[in-house]
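One structure below.
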């Protein structure tokens, strides 16, 4: 395949057209044969006043057109655009922004993930009526009105807000603009100018100017409806809308397993040149653009099952188009080529007409159904379609497969000035991607505000409804991939579709916590001996690929030392020489393996601890998790440690007592073979050593009313009975760790009862660890002083968290137990991830899923706020003064003007004056200016507004010298910082 | 079959939790031990909440769920489906046919749909038609079978006086649906359908299973909506099953010793055991479900296929037999693992 014909995949689509609020509604409208034509809505212009059936000068011969229902709605907050700037922006730009965002999402990619990428933006448009309205209002011309206008800015703004670095350009070839943009974008990808492209077309009718033009040119249909290829065709009915598609190399899309709507196999663009008048179409040029496109695509006309024609419904235009099509398609072919035009449904959407036809054709190929073309029942006999090898698409039909199971269609779009485009499309290659069941997944939803979060949760709840459980992994993975990047977020561990849906619905009923936190600061607590049980971690191994993989790694590292698979013993309950997981020679490596695998799996998913703490034997996996020990070193040490202890004569006792270390000190001093093995809290210690001695102390304590509990142990760990094991352990001289490494996270040592640096954890430390008491309470207290936000127990059940709670050492941290004992299902691990994500941690989700689950599925597009309205049109303009109407609709029927919003009363102080300045520059209500709001990202303060801010600060703070902006910028990111800065400057001023 | 037929995946849907014989005894006064011993069905699923009497699932619900599961396992999308065939004795309504509601649920449009009025041989009939529909243009199709006996479970009646002949239906039957995605393309397909036998053999014979339906005129005085001739069933079904088995084996040119799996008729746990004995395919592993699912008619062979799917390895051969005693239909098919 040469570069010239490299196949380009259409991977994402979003659109809004008259009568169709989104892609699915558009499809329904097409299949049902409905249209979006209505009377001119009052907010556009006075349809009656401009109407003249005779089409006199300055008049329109129709009161109808295809108008969008809410082109004034814009979620300015989402894009970090100030209301002032939003109000000064061409609504076409605003519509493009939202549609571009959703189209990228539809391609299975988070728009944020494209930041910095070589993604191109190609926007076709031919009307800038906003400019007409605003650019002659000289006194009202602001900086924002400048950047809010213009074709180039429409494209560039998408590049700016999504941070896309590929070519960004607007295309105006009149009615063919957006199909020409598609051609240019596909070529730019083939040429390597960009790796993917956002292609758009947009059109809005704000004034009757073009309607008057069409009327005067004799092209305007009196009923405002395009009747393509119909005997009743009597001209153009205008339409509007926005359509966006995302293009990529087919090979890239398939490699990424992206869903593909259709494939662009080839396209061509040409010009009529000197035809019978500049606006007259040319049959010969149309014929040659078709031929060129098929040649490039390497297909024969007979391979094309349908053509989405230009089909404006003008007598001459339809005749010439059909003749050109007939010249190419009229030859021998198995079935006539089906012909239709979306203009019958949504009118002639001008700059968006080409993309509307392209989207219709892509959806048709994706669904293998060609929708009917309206007015086909009055097909024009003069066109002699049958003789031309053509047939109008009457009623929806299932498209027959051609050779190799491929279905092909083509799209035409011809510009008023003679620029023609034709695009050849094929159905996507059939790739079956069977869903893989099992495992645990996390569904994520994110948005920019709490209210937005609710809207988007509702959309997701609807999307998961009725899906088979097999799909759950793919759905979870898709939400992680596409829907996890925004600030307000929720997540839930999903075990079945029904449960996930019910929990999503539950979230909508309950209040969703939306407090702003910083990034989570996580501490891992590694459990000690006694927590083990046969079967521990087995459910997680079955459910969680990274845990399974890391466990296998630990198993392999331990096997040379143990001679058996430790996971067979720990998770499957096998035995070695009659000994199971409760024999300390196996307990220690078993716990280590589970803890190593759990911490490593969490790290694989992006959870890295700020601090760790290990209770006794738990310190080995903790040392691995912080990079102090390698897996091989730790495996050798733990296996040796366990074996040496096992080799000691059995006997000894460990007794937990409800008493403080001070209280037992004297009693312990009297028993040379007994020591305090652990201090777990202010009134919780464990005695260990010679059984007789330990029981004597326990009896004495019991007598004084203390609760004592003898633990089931094989040996008295952390007691003088361990001295020989410690000596032998030292003799093994673990030379590999002669030079300990620095720790990547703070290591709270239970040997030292404080934080220990990585190089403290030398061989001598590990020898000392065998006999030294476990100073859990002190180590935990040190850890707590670091103020972790989350404590995660790394062990087979929750033990240390309980000790920490009883010792009052958890602070405000959330406590998470990813493996809560024998009842664990694996879902708790997912719930741990869900909590960390919801609280602000960004995770690397991919590895949570099996291969067959890492398949992006299309999810509903982001649901934007539609309560904020910004509008200007011929109806709102008086003379040369363009007045923008902005309003906030609370509900459909309850409209309150922006000025009526509650306003915080301001005092006279400098802080209030600064706040007022910010509000005024951005046209915000003062009440909306939260201290943590970022001026640039959240409030849309661009360089122009920052300059204004500098000027106003100088004024309101009554400074003699203007504040240099270069001094202001590095110090001030948020509103709060700005206020602090202002207070400081004003203090200095007073001095 | 002119085009090779492959099964890409199967799906199953059973409503709610299994209802055991003790629960049936509590609800209907049936003798749990008797059911266990003479019917051999241990559990079944109902699309009705036995406590409240409310219908929890329609046939469209179950058929859509089974089909969606099969589609997701096959990795095919709604647009890939070229036709649907649904076999059922108990459509939710006579119109619209349930198959069309299922298509709607699944997002399938502009394709041929068929609904078969069928019983225990319905799944075989659906497979037969599905296999014949595959051609150059129709490469992928859905075949579904399911039944919901909600309309026949009378929950507000005192059953203590009901004759055992009527009560047996309560413990015998169950609800559910199963589905398979058929394809003319072999890529990644785990099974190949090598032959289907589907034949009416009831000329001049009285039906042994009758289910009536009534419209506005209502149920005639004293009429029973469901009636079975259990004697005829016991007498004739085993012999018919043996005939079907041998015809299938002969057609395939298979020796019975080369068969790895046997999917026998699923009348009841006990009857199935008897038939398996008479089929005498030694060495083949029996794949049955009726003891756990109850007799859910059109779903049964699909549920057996669903249970077979993970076990059928490359080169394995399987034979399925289904007999419908309503008007004496013979059914069966042979499969090869790939």
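The values are calculated or read from the model by the stated rules, or taken from the named source; none is laboratory data. Every value quoted in this text rests on a predicted model; they were computed, and no experiment measured them. Positions of Cβ are backbone-derived with ideal geometry, glycine not excepted, and every protein chain shown enters the neighbour counts.
So for region B:167-183 (the condition being assigned to a loop (DSSP other than H, G, I, E, B) and over 19 Å from the mean Cα position of the chain (by Cα)), does at least one residue qualify? There is no residue in region B:167-183 that is assigned to a loop (DSSP other than H, G, I, E, B) and over 19 Å from the mean Cα position of the chain (by Cα). Checked against (1) surrounded by fewer than 22 Cβ atoms within 10 Å (Cβ to Cβ); (2) away from chain A (no Cβ under 14 Å); (3) touching a strand residue (DSSP E or B) at 6+ places or on another chain (Cβ under 9 Å), residue B:154 meets all criteria but (3).
Answer yes if at least one residue in region B:84-97 is within 14 Å of chain A (Cβ to nearest Cβ) and more than 23 Å from residue B:307 (Cα to Cα), and no otherwise. Can you show your working first?
Our first condition is that a residue be within 14 Å of chain A (Cβ to nearest Cβ); within region B:84-97, this holds for B:84.
Going one step further and asking which of them are more than 23 Å from residue B:307 (Cα to Cα), we end up with none.
No, because not a single residue in region B:84-97 is within 14 Å of chain A (Cβ to nearest Cβ) and more than 23 Å from residue B:307 (Cα to Cα).
Residues in region A:909-927 that are assigned to a helix (DSSP H, G or I), under 35 Å from the mean Cα position of the chain (by Cα) and surrounded by fewer than 19 Cβ atoms within 10 Å (Cβ to Cβ): A:916, A:920, A:926, A:927. Here residue A:134 fulfils each of the conditions (1) more than 23 Å from residue A:169 (Cβ to Cβ); (2) buried (at least 24 other Cβ atoms within 10 Å of the Cβ) apart from (1). Checked across region A:693-704, the condition of being outside the structural domain of residue A:793 (by TED's automatic domain parsing), out of contact with any helix residue (DSSP H, G or I) (no Cβ under 7 Å at 6 or more places or on another chain), surrounded by 23 or more Cβ atoms within 10 Å (Cβ to Cβ) and free of Cβ contacts under 8 Å to residues at least 24 places away in the same chain holds for at least one residue.
Look through A:359, A:320, A:346, A:355 and report the one residue that is surrounded by fewer than 24 Cβ atoms within 10 Å (Cβ to Cβ) and either within 20 Å of residue A:181 (Cβ to Cβ) or touching a helix residue (DSSP H, G or I) at 6+ places or on another chain (Cβ under 7 Å) (or both).
Numbers: A:359 fails: surrounded by fewer than 24 Cβ atoms within 10 Å (Cβ to Cβ); A:346 fails: surrounded by fewer than 24 Cβ atoms within 10 Å (Cβ to Cβ); A:355 fails: surrounded by fewer than 24 Cβ atoms within 10 Å (Cβ to Cβ).
Exactly one of A:359, A:320, A:346, A:355 is surrounded by fewer than 24 Cβ atoms within 10 Å (Cβ to Cβ) and either within 20 Å of residue A:181 (Cβ to Cβ) or touching a helix residue (DSSP H, G or I) at 6+ places or on another chain (Cβ under 7 Å) (or both), namely A:320.
Taken over region A:556-572, residues that are part of a helix (DSSP H, G or I) and in contact with a strand residue (DSSP E or B) (Cβ under 8 Å, 6 or more places away or on another chain) amount to 2.
Taking the options A:273, A:277, A:231, A:166, name whichever one is surrounded by fewer than 24 Cβ atoms within 10 Å (Cβ to Cβ) and without any contact (Cβ under 8 Å) to a residue 40 or more places away in the chain.
Working: A:273 fails: without any contact (Cβ under 8 Å) to a residue 40 or more places away in the chain; A:231 fails: without any contact (Cβ under 8 Å) to a residue 40 or more places away in the chain; A:166 fails: without any contact (Cβ under 8 Å) to a residue 40 or more places away in the chain.
That would be A:277, the only listed residue that is surrounded by fewer than 24 Cβ atoms within 10 Å (Cβ to Cβ) and without any contact (Cβ under 8 Å) to a residue 40 or more places away in the chain.
Might you let me know whether region B:29-47 holds any residue that is more than 14 Å from every other protein chain (Cβ to nearest Cβ), on the phi > 0 side of the Ramachandran plot and touching a helix residue (DSSP H, G or I) at 6+ places or on another chain (Cβ under 9 Å)? Yes: region B:29-47 contains one or more residues that are more than 14 Å from every other protein chain (Cβ to nearest Cβ), on the phi > 0 side of the Ramachandran plot and touching a helix residue (DSSP H, G or I) at 6+ places or on another chain (Cβ under 9 Å). Note on region A:1-100: enclosed helices (runs of 4 or more DSSP H) holding 3 or more residues that are touching a residue at least 24 places away in the same chain (Cβ under 8 Å) are A:23-32, A:83-87. Set side by side, the residues B:79, B:68, B:63 differ, and just one is within 22 Å of the chain's Cα centre (by Cα), under 30 Å from residue A:405 (Cα atoms) and at the interface with chain A (Cβ under 10 Å from one of its Cβ atoms), which is B:68. Condition check for residue B:143 on (1) in contact with a helix residue (DSSP H, G or I) (Cβ under 9 Å, 6 or more places away or on another chain); (2) within 14 Å of another protein chain (Cβ to nearest Cβ): one failure, at (2).
Here the helices (runs of 4 or more DSSP H) wholly within region A:141-231 that include at least 2 residues being under 25 Å from the mean Cα position of the chain (by Cα) and assigned by TED's automatic domain parsing to the domain that holds residue A:48 are A:151-162, A:177-191.
Apart from one condition, residue A:723 fits all of (1) part of a loop (DSSP other than H, G, I, E, B); (2) assigned by TED's automatic domain parsing to the domain that holds residue A:763; (3) surrounded by fewer than 21 Cβ atoms within 10 Å (Cβ to Cβ); the exception is (1).
Any idea which residue in region B:98-127 is surrounded by the fewest Cβ atoms within 10 Å (Cβ to Cβ), counting only those that are part of a helix (DSSP H, G or I) and within 14 Å of another protein chain (Cβ to nearest Cβ)? Can you show your working first?
Residues of region B:98-127 that are part of a helix (DSSP H, G or I), as a first pass: B:98-106, B:122-127.
Checking the rest, the ones that are also within 14 Å of another protein chain (Cβ to nearest Cβ) come to B:101-106.
Working: B:101: 20, B:102: 30, B:103: 25, B:104: 13, B:105: 17, B:106: 19.
So the residue we want is B:104.
Checked against (1) in a loop (DSSP other than H, G, I, E, B); (2) within 14 Å of chain A (Cβ to nearest Cβ); (3) at pLDDT 95 or above, residue B:3 passes all but condition (3). From the list A:705, A:692, the one residue that fits, being farther than 28 Å from residue A:636 by Cβ and outside any helix (DSSP H, G or I), is A:705.
Restricting region B:185-226 to residues that are within 14 Å of chain A (Cβ to nearest Cβ) and exposed (fewer than 14 other Cβ atoms within 10 Å of the Cβ), the residue that is farthest from residue B:169 (Cα to Cα) is B:187. Scanning region A:364-383 for residues that are touching a residue at least 24 places away in the same chain (Cβ under 8 Å) and more than 30 Å from residue B:77 (Cβ to Cβ) yields a count of 7.
Annotation note: of A:113, A:100, A:87, A:131, the sole residue that is out of contact with any helix residue (DSSP H, G or I) (no Cβ under 7 Å at 6 or more places or on another chain) and modelled with pLDDT of 95 or more is A:113. Here region A:428-449 is the region considered, the condition is being over 22 Å from residue A:828 (Cβ atoms) and within 16 Å of the chain's Cα centre (by Cα), and the residue that is surrounded by the fewest Cβ atoms within 10 Å (Cβ to Cβ) is A:449.
Condition check ((1) modelled with pLDDT of 95 or more; (2) more than 14 Å from every other protein chain (Cβ to nearest Cβ)) across all residues:
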{"residue": "A:353", "(1), (2)": "yes, yes"}
{"residue": "A:361", "(1), (2)": "yes, yes"}
{"residue": "A:365", "(1), (2)": "yes, no"}
{"residue": "A:376", "(1), (2)": "no, yes"}
{"residue": "A:380", "(1), (2)": "yes, yes"}
{"residue": "A:401", "(1), (2)": "no, no"}
{"residue": "A:417", "(1), (2)": "no, yes"}
{"residue": "A:421", "(1), (2)": "yes, yes"}
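Residues checked against (1) surrounded by fewer than 21 Cβ atoms within 10 Å (Cβ to Cβ); (2) in contact with a helix residue (DSSP H, G or I) (Cβ under 6 Å, 6 or more places away or on another chain); (3) over 23 Å from residue A:598 (Cα atoms):
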| site | (1), (2), (3) |
| --- | --- |
| A:728 | yes, yes, yes |
| A:765 | yes, no, yes |
| A:780 | no, yes, no |
| A:790 | no, no, no |
| A:794 | no, yes, no |
| A:823 | yes, no, no |
| A:832 | no, no, no |
| A:838 | no, no, no |
| A:845 | no, yes, no |
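Exactly one residue among A:746, A:678 is in the same structural domain as residue A:636 (by TED's automatic domain parsing), in contact (Cβ under 8 Å) with a residue 12 or more places away in the chain and closer than 23 Å to residue A:523 by Cβ, and that residue is A:746. A residue that is in a helix (DSSP H, G or I), within 14 Å of another protein chain (Cβ to nearest Cβ) and touching a residue at least 60 places away in the same chain (Cβ under 8 Å) cannot be found anywhere in region A:449-457.
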